[in-house]
Each structure stands twice: as structure tokens, then as C-alpha cells.
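Everything on this sheet refers to the single structure shown next.
Every number in this text was worked out from the coordinates using simple rules, so none of it is lab data. The structure presented is a predicted model; accordingly, all values stated were derived computationally and were not measured. All Cβ positions, even for glycine, are placed from backbone atoms using ideal geometry, and neighbour counts span all protein chains on display.
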Amino acid sequence: MKERTRENVYTAFIGEAKAYFRLLAYAEKAEEEGIPQMALLFRAIAEAERIHATRHMNLVKDLIVKDTDTNLMDSFKREQSISENEYPDFIKTAEEEGEKAAAVTFTHARDAETYHAKLYERAIYDVIKDTTKAYHVCQVCGYVTSKKIPEKCPVCGAPKEQFKTVE
């Protein structure tokens, strides 16, 4: 595939992936407002956007997905970078502008991303490779652990009932 078309396909992938999540949020809002038919329409079109995103991603998969060792190192670097560089700036701006809710979500995400980086780092050094059977994800802030589900999330304080197990 030629360079400009590859760039366009990648851009389309990002747009369709964003549309998928945006439409799910619209469906949730329609449900809250008691308009189930609109919620259904938004969910149906969200599913179509997911299909579009998947098809686009498959065309440029070689740009996104490499061998597992490379994917692991890339994931580690991304998590580390966002938690150390991007989220601190986001938090600072939100606090300066008095946007407390944004500052809290950015702080939770930063802290969870730090744990994600540690999980990847351990995997890089073969500490958890082939030994972890499941992960537990806090559905409030995104904290992930391979250990026993904590009574309370160490990032946001959510109770253990807010964890989803990924096997």
C-alpha cells in the first residue's frame, strides 16, 4: 500500500474507533433519557463503526502490531511516557483551571498507567511470563493487578466488587 493511502487508512481507523466509543456514550445517554429506540440505533451504528475500525486496522496491522517482544516493549514505553509526561501536564492544567473532576480522572489514569507499566516491565524480565492465569481490572479507574483482587482499589478506593476478571 502506498504511503498516503496507508496514512489515510490509519487515520480512518482512529476516527472509526473514536466513533465507536462516542456512539456507545450516546446510547447510554438515550437510555438515561428513556429513549430506547435511539439507544438501540446508536448501539447498532457503534457496532458498524467497530467493524469499520477493525477492517481498517487489518489493512495497516503491520504498522501497529509487531512481534510480541516489540509490542511488549512498545506498550511499556507508552505507559511509562504517558504516566510520567502527559498526565502530569493534564493534571496541572485541570487544577489551574479549577476542573476538579478532570484532575481526579487524570490522576487516577496516571496512577493506573504507572501500574500498567510495572506489569509490562515485569513481563519483559520474565517475572510473570506464563505464570499469570488472570488479571483483575478496576472498572472505575482502570487499575490492573495479577494478584488477588484487593478489598479496595489502591488507585481510586473502589470496592472489590468493582473489579472485572480478565482470563
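Brief remarks follow.
- Close amide H partners of residue 143, meaning residues 5 or more places away or on another chain with modelled amide H under 5 Å apart, are 138.
- Ellipticity estimate at 222 nm from DSSP helix runs (n ≥ 4, -39,500 (n - 2.57)) divided over the chain, nearest 500: -21500 deg cm²/dmol
- Whole-angstrom gap from the stretch 1-76 to the stretch 94-123, using each part's C-alpha centre: 23 Å
- For the stretch 10-15, putting each phi into the Karplus relation 6.51 cos²θ - 1.76 cosθ + 1.60 with θ = phi - 60° gives couplings of 5, 4, 5, 4, 4, x Hz, in residue order, rounded to whole numbers and with x for Gly and Pro.
- Calculated from backbone phi, Karplus (6.51, -1.76, 1.60) coupling profile of the stretch 28-39 in Hz, x at Gly/Pro: 4, 5, 4, 4, 4, 7, x, 10, x, 5, 5, 4
- 3J(HN,Hα) along the stretch 134-141: 7, 10, 10, 10, 5, 7, 8, 10 Hz, from the Karplus curve 6.51 cos²θ - 1.76 cosθ + 1.60 with θ = phi - 60°, whole Hz, x for Gly and Pro.
- The GluC sites (Glu not before Pro) of the stretch 1-63 that meet both conditions, a loop assignment by DSSP and at most 16 other Cβ atoms within 10 Å of the site Cβ, are 33.
- Of (1) 57, 36, 29; (2) 45, 41, 38; (3) 57, 38, 37, the label for Cα extents along the principal axes in Å derived from the coordinates: (2)
- Exceeding the 28 Å Cα-Cα cut-off - candidates 100/133; 77/133; 29/77: 100/133; 29/77
- Approximate spin-label separation residue 6-residue 102, in nm, with each point projected 7 Å along Cα-to-Cβ: 3.6 nm
- Unit charges at the beta carbon, dipole of the stretch 3-64: most positive-side option, 48, 11, 60: 60
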